[in-house]
Every structure is written in C-alpha cells, then in structure tokens.
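Report on one structure; see the data block that follows.
The values are calculated or read from the model by the stated rules, or taken from the named source; none is laboratory data. From a predicted model like this one, the values you see are computed outputs, not experimental measurements. For neighbour counting, all protein chains shown are included, and Cβ atoms are generated from backbone atoms with ideal geometry for every residue, glycine included. What goes into the accessible areas is simple: the full protein's heavy atoms, side chains included, and nothing from ligands, DNA or RNA. Shrake-Rupley method; radii C 1.70, N 1.55, O 1.52, S 1.80 Å.
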Amino acid sequence: MEWLIELIISACFILGALLILTGGVGILRFPDFFTRMHAAGITETLATSLILIGLMLMAGWGMVMFKLVLILLFIMLTSPTASHALAKSALHGKLKPITFNEQSKE
Amino acid sequence: MFFDLYNYWMVIILMMIGLYMVINQSNLIKKLIGLNIFQTSIFIFYISVGKVKGGSAPIFSSTETLYSNPLPHVLILTAIVVGIATMALALALVVRIKKAYGTVEDSELQEQDH
Amino acid sequence: MLVMLAVVLLTVMLMALARALLGPSIYDRILAVNLFGTKTVLLIAVMGFLFGRPDFLDIALVYALINFISIIGVLRYFEYSDRKQIEGEP
Amino acid sequence: MVTAIAIARVSDLFAAVMLSGIYGLLSASFFVALDAVDVAFTEAAVGAGIFPILMLMVLGVTGRYEKIAAERKKARVKNVAVLMAMLVTGGLLIAGMLDMPAFGDPDAPAQQHVNIRYIEQSPEEIGIPNMVTSVLASYRGYDTLGEVLVIFTAAMGVLALFSSQLFSTGKPSIKSEKNDMHEHNVLRIVSKILIPLILLFAFYVQFHGEYGPGGGFQAGVIFAAGIILYTMLYGLDKARQVIKPVVLRVLCAFGVFIYGCTGVVSMLSGGNFLDYSVLASDAIVGQHLGILVIELGVGITIAAGMILIFFAFSHQAATQLGEE
C-alpha cells in the first residue's frame, strides 16, 4: 500500500513538473498572445491540480489536507476565470495591435 | 567572506536601484515606484538580519527548538502596512498635483513654478 | 522529489519573468504575472513541505486569492484608462 | 530579484506597475524562504494586491506614458552625476556592511538581546504559540498603537486631499454605469462565489493569528481586498450602498478607540498602560483577552482605512473621467 502511494505521488510530481515546464517553454516560444495564453492556461490548471494532489497524498488526512483542497478549489475557480477575462478583454481591446495569425495559418 | 554576506549585497543593489529611480526619473509615479523598491530593500535587510541558520518560523511547535528572530518580523509587518498607507497618501498628492498643474513630470512642474 | 519540483517551479518562474520583461503587449505581461502568481502559490506550498512546516499553506491560500484580485483589478483599470485615452484623443 | 532593474528601464508605466506586482510576489516568496511567515502574508496582500491596484487607478487619472523626449539632452550629465552619487553611497554602504555578521549567524548581535527573552519567555508569559503576534500585541503594544494611528492619519489625509462628495449619501454619481464591467458575466458569477469565502477567510486569519501566521494587520488587508473586488466588479455606487462611507469612517476611528481603551482599562484595573495581565484574574487569560481585543481593533482600523482609501481613489477617478 505504501509503495503504491509513493508511486502515485512521484507520478503526480513528475507529470506536473513536465507540464509546468511545457507551459513555461510555451509562454516563451509561442509567436503571439493567444497561443501563449493557450500554452499557459491549459498546462496551469492540470499541472497545479496534479502537484496539489501529490502534496495531499503526502500530507494524509487532517487540516493540511483540507487547506490543500481549499487551495485547489480556489485555483480551479480563479485560474480559468482569469484566463477567460484576460482573453475577452484582449479581444475587445482591439486598439492594441495583437497579431491574429489564425487566418494565415489555416 | 563575500558569499557569507550575499544578502547584504542584494539589499545594496536593490537600494541603489531605488535611489536611482527616485533621483533620476522625472515622472512622479516612477519616483514613487522607486521609493517602493527602496522600502522593500530595507524590509529584506531587516528580515535577513533576523534569520538564523537552521532556524524555523517563530511559531511554537513541539518539534522545533531553534527559531528565527521574531522582532524584525514584527517591525516589518507593521512597516509594510504603514508603507502602503503612506504610499496611498503620496499617490493622492500626485493626483492633486496632476489636477492643479496638468502634469506629473518633474521638469514641467518646475518650469510652471518659475 | 520536492527539491526537483521546487527547482522546476523556479525555472518556470524565470521563464514567466522573461515573458513579462519581453512581452510586446500589455496582455502578455498580465498573462505572465498570472502564471507567475500561480507558480508562487505552488512554490510556497512545496516549500512548506520542504521545511516541514505545513502551516505555510495559509500564505499560499492568500496568494491564490490576491493573485485573482489583482488580475481582475489590472484588467478593469486597464480597460478603464484605455477608454479614457480614446476619449481624450479623438 | 533583478526585476527592479527592468522596472527602472521601462517607460510604459503600466508595464512598470505589472513588474512591480511581480516584484511584490518575488519578495514575498523570499520572505517565506527566510522564515518570516507573517511578513510574507502581509507583503503578499499588500505588495502584490493593493499596491498595483492603487497605482493603476492613479495611472488612469494621470496618463499612461511618461514623457522622455525632452529629457534626453541634459540627461547625460545628470546621469553621470547620479551614477557617481550612487556609487559613492553604495561604496559607503558596502564598507559598512563588511563588518556585519554573516548571513544566518546565530551569534550575531541582533540575535542576542531581547530576542532571547521573547523566544524563551513568551510561551509562559503570554501563552500563545505565535511569537510574532505576542511581540506585536503585547511586548511592543505602544509601537503598534502608534502604527495604527499612522494608518488612521494617512487614511484621513487621503480623504482630506480628495475633498469629495464621497459622503453625500444622496444622488448616485451620473456616469458610473459604464464602468461596471457588465460584459464580464463569468467574472461576476465566480466572484459572487469567491467574495464570501474571502471575507470568511479574513475572519479566520483574524482570529487564528495567535496560533498560526496571521493577525489583525493581515486580516484587515484581506477583508479590504474582498470589498475591493466587489467594488471593482459592481461599481462604486453599489459598494457604497453596501457599506456606507460614513460607517467606514466611524469604524476606522473605532478601531483605534478600542485599542486605546484597552490600554486605559488595563491602567484602571491597576496595571500599566496596555498591560493586559490585569484584565482577567489569571494573567495568561488576561493576555489572551487583551491580544484578541487589540487585534480586533487593528483589523477594524486597517480594513476600514484601506476601503476608505480605495473608495476615495475610485471616486476621484470616476469624477475625473467625467470632467474630461
């Protein structure tokens, strides 16, 4: 049983770390704002939940676990909302020259 | 020797950046941001003085015996909140200046005064 | 394991910082700040476990909240002053 | 930590503010690494939350870009002079720093004096685990009283500078509708869920400050942040209906009043000013009571003061926008 939990924890951490790294590379390398946002937004939620779940398994039952669940809940709620709002206002604020490469790519 | 004191070097660098911004930027808001950096460098200085190697956060627990110094924490804790309050006051002054003079650039302000 | 995680988080924070410095548009910077904030939450949680004092999680919680609030605030006032600049310079 | 250099170089003020937000986050995580949990708490809420928001509101009033073109000519000489001044000051500081004890040295002079007493005696004398709180509220009660007064005064100063109609409860200002973020429906719904949680969390921080990181200062700021979120999403007028500025003003003074009264009461019951041990028959219970009341006073003042400052700025920005 112990080794199973250990295994899950390490799997969570490694996956999370990989995802975060992908997001980081994405935010550096992608050409325009919306693709960057895509890279950041997608990896962020999944990686965060993976890492937090790993930490939860590490902590076991108790107050710590409860707080981790709270953090996870908050991040699940706020991070997509913030991304959404950001994308929306970037789309609305057409005054900034945001390069829209979609047409040319397709 | 130099590596033992690295926190102080960082503090000095930050402090000089803040000083540079306060002296050399003509925009009043930029000056305020510089002031904020200066302030933070002093916070870091206090906190790093209070740190004890191997110590833990100054909240009692049964497992820890060595704690960092709580006194600088107290001072800085209040200083941060006081800092934001005074910063708000300064910003209010900037807004009033903008209203009265129509600009927040230092040089233009001086021209208008003469 | 935890150390590895912390190092990865720090790397990504550096990347986000680079994006915030380079960022051609203001939205890029906001995005980078957002990413940076989330990573800080994680880093603090991990650090709490690393130092063996999980009471630190309170701070991570505050960060999650404050990060959200500041993003919203930035967005709101950015739109707001943009509108003003449009009105001011017809 | 070298974010600061970048801040100095960027001329777009918005970018500078965003960077200073990052800077706040960074320095807060630095504080965590240095064991200053309570400080990190405050710096997180203030440096990364409230400070950028206030800055942005002011930028909305004063304009976004700084003017650089005219400055460049004479800037050369000035730059050299400033750099010289910086080098001299930096050199002096470095010379002074060489005598400082090494980082993290447990035998440093700063670790030798009152600190030992605080660490070793405070569990017996005060009876609460968080040393920062016990030092803050009990040993250094005078300082804290002074600081709360400073914040109170600053809030009053901001109000005095914006001699506004913030307190006229009658007609709502005319052009507030268009700032209400009506288009962000998702935001409004999510925030509706979040705001009660934030306020609840603020209370948790307030009353948990004796056992974990937290206390009046942090709780006040977090509470204010919750209200600020509400104000940003629903507009100033709605928020003013929820919390009347007049009430806030009274509360702001009331917090200081509670604090001072605790001192006077403890004096009347035979102790020194702000000596809580006499408040109850048992010294430790008295200390508990005193710290609880005082933290409450601090929390009320900070929350009310911050919200007042925010309201004042937001009102000012709205009227300024209307005038142009």
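Would you say A:Ile14 is assigned to a helix (DSSP H, G or I) and modelled with pLDDT of 85 or more? Spell out the reasoning first.
Working: assigned to a helix (DSSP H, G or I): yes; modelled with pLDDT of 85 or more: yes.
Taking the combined requirement at face value, the residue satisfies it.
Just for the range D:228-253: of the residues that are open to solvent by 20 Å² or more (accessible area, probe 1.4 Å) and under 18 Å from the mean Cα position of the chain (by Cα), which one is nearest to D:Phe310 (Cα to Cα)?
Filtering the range D:228-253 for residues that are open to solvent by 20 Å² or more (accessible area, probe 1.4 Å) and under 18 Å from the mean Cα position of the chain (by Cα), the one nearest to D:Phe310 (Cα to Cα) comes out as D:Arg249.
Looking at the range C:46-57, I want the residues that are within 13 Å of C:Leu5 (Cα to Cα) and have a partner that is at pLDDT 80 or above and surrounded by fewer than 21 Cβ atoms within 10 Å (Cβ to Cβ) with Cβ atoms under 6 Å, at least 6 apart or on another chain. Which pairs are those?
Listed by first residue and then by second, the contacts come to C:Val46/C:Ala6.
Do we find a residue being open to solvent by less than 10 Å² (accessible area, probe 1.4 Å) and touching a Phe, Trp or Tyr at 6+ places or on another chain (Cβ under 7 Å) anywhere in the range D:203-210? Spell out how you get there, then give the answer.
The initial filter retains those residues of the range D:203-210 that are open to solvent by less than 10 Å² (accessible area, probe 1.4 Å), namely D:205, D:209.
Now drop any that are not touching a Phe, Trp or Tyr at 6+ places or on another chain (Cβ under 7 Å), which leaves none.
Looking through the range D:203-210, none of the residues is open to solvent by less than 10 Å² (accessible area, probe 1.4 Å) and touching a Phe, Trp or Tyr at 6+ places or on another chain (Cβ under 7 Å).
Among the residues of the range A:6-18, which ones are open to solvent by less than 10 Å² (accessible area, probe 1.4 Å) and within 7 Å of chain C (Cβ to nearest Cβ)? Quick ask: steps written out before the conclusion?
First, the residues of the range A:6-18 that are open to solvent by less than 10 Å² (accessible area, probe 1.4 Å): A:13, A:16-17.
Passing the criteria: A:Phe13, A:Ala17.
When you scan chain B for helices (runs of 4 or more DSSP H) that lie fully inside it, which ones turn up with 3 or more residues that are under 18 Å from the mean Cα position of the chain (by Cα), modelled with pLDDT of 75 or more and facing another protein chain (nearest Cβ under 7 Å)? Full working, then the answer.
On the way: elements: B:6-24, B:28-50, B:70-101, B:106-113.
Of the helices (runs of 4 or more DSSP H) lying wholly inside chain B, those with at least 3 residues that are under 18 Å from the mean Cα position of the chain (by Cα), modelled with pLDDT of 75 or more and facing another protein chain (nearest Cβ under 7 Å) span B:6-24, B:28-50, B:70-101.
Return yes or no: is D:Ser138 crowded, with 18+ Cβ neighbours inside 10 Å, assigned to a helix (DSSP H, G or I), modelled with pLDDT of 65 or more and more than 10 Å from chain B (Cβ to nearest Cβ)?
Working: crowded, with 18+ Cβ neighbours inside 10 Å: yes; assigned to a helix (DSSP H, G or I): yes; modelled with pLDDT of 65 or more: yes; more than 10 Å from chain B (Cβ to nearest Cβ): yes.
For D:Ser138, the condition - crowded, with 18+ Cβ neighbours inside 10 Å, assigned to a helix (DSSP H, G or I), modelled with pLDDT of 65 or more and more than 10 Å from chain B (Cβ to nearest Cβ) - is met.
List every residue pair whose Cβ atoms sit under 7 Å apart, with the two residues 6 or more apart in sequence or on different chains, where the first one lies in the range D:193-206 and is within 24 Å of D:Val39 (Cβ to Cβ) and the second, anywhere, is of a type in the set (Phe, Trp, Tyr).
As it stands, the answer is D:Leu199/D:Phe223; D:Ala202/D:Phe223, since those pairs meet every condition given.
Kindly establish whether A:Leu21 is assigned to a helix (DSSP H, G or I) and open to solvent by 50 Å² or more (accessible area, probe 1.4 Å). Please lay out each step first, then the result.
Working: assigned to a helix (DSSP H, G or I): yes; open to solvent by 50 Å² or more (accessible area, probe 1.4 Å): yes.
Here the answer is yes, as A:Leu21 does meet what is asked.
In the range A:41-71, how many residues are open to solvent by less than 30 Å² (accessible area, probe 1.4 Å) and in contact (Cβ under 8 Å) with a residue 12 or more places away in the chain?
Step one: filter the range A:41-71 for residues open to solvent by less than 30 Å² (accessible area, probe 1.4 Å), giving A:41, A:43-44, A:47-49, A:51-52, A:54-56, A:60, A:67-68, A:71.
So of that shortlist, the ones also in contact (Cβ under 8 Å) with a residue 12 or more places away in the chain come out as A:41, A:43-44, A:47-49, A:51-52, A:54-56, A:68, A:71.
Here the count works out to 13.
Go through (1) touching a residue at least 40 places away in the same chain (Cβ under 8 Å); (2) outside any helix (DSSP H, G or I) one by one and return the number of the condition C:Leu5 breaks.
Going through the list (1) touching a residue at least 40 places away in the same chain (Cβ under 8 Å); (2) outside any helix (DSSP H, G or I), C:Leu5 breaks only (2).
Going residue by residue through the range A:29-40, is there one that turns out to be outside any helix (DSSP H, G or I) and surrounded by 15 or more Cβ atoms within 10 Å (Cβ to Cβ)? Steps first, answer last, please.
Residues of the range A:29-40 that are outside any helix (DSSP H, G or I), as a first pass: A:30-32.
Okay, now just the ones that are also surrounded by 15 or more Cβ atoms within 10 Å (Cβ to Cβ), so A:30, A:32.
The answer is yes, given that some residue of the range A:29-40 is outside any helix (DSSP H, G or I) and surrounded by 15 or more Cβ atoms within 10 Å (Cβ to Cβ).
Pull out all pairs, ordered by first then second residue, where Cβ-Cβ is under 8 Å, the residues are six or more apart or on different chains, the first lies in the range B:40-52 and is within 9 Å of B:Leu14 (Cβ to Cβ), and the second is not in a helix (DSSP H, G or I).
From residues that are within 9 Å of B:Leu14 (Cβ to Cβ), there are no pairs.
Go through (1) farther than 24 Å from A:Phe30 by Cα; (2) facing chain A (nearest Cβ under 7 Å); (3) modelled with pLDDT under 80 for C:Asp28 and report which single condition fails.
(1)
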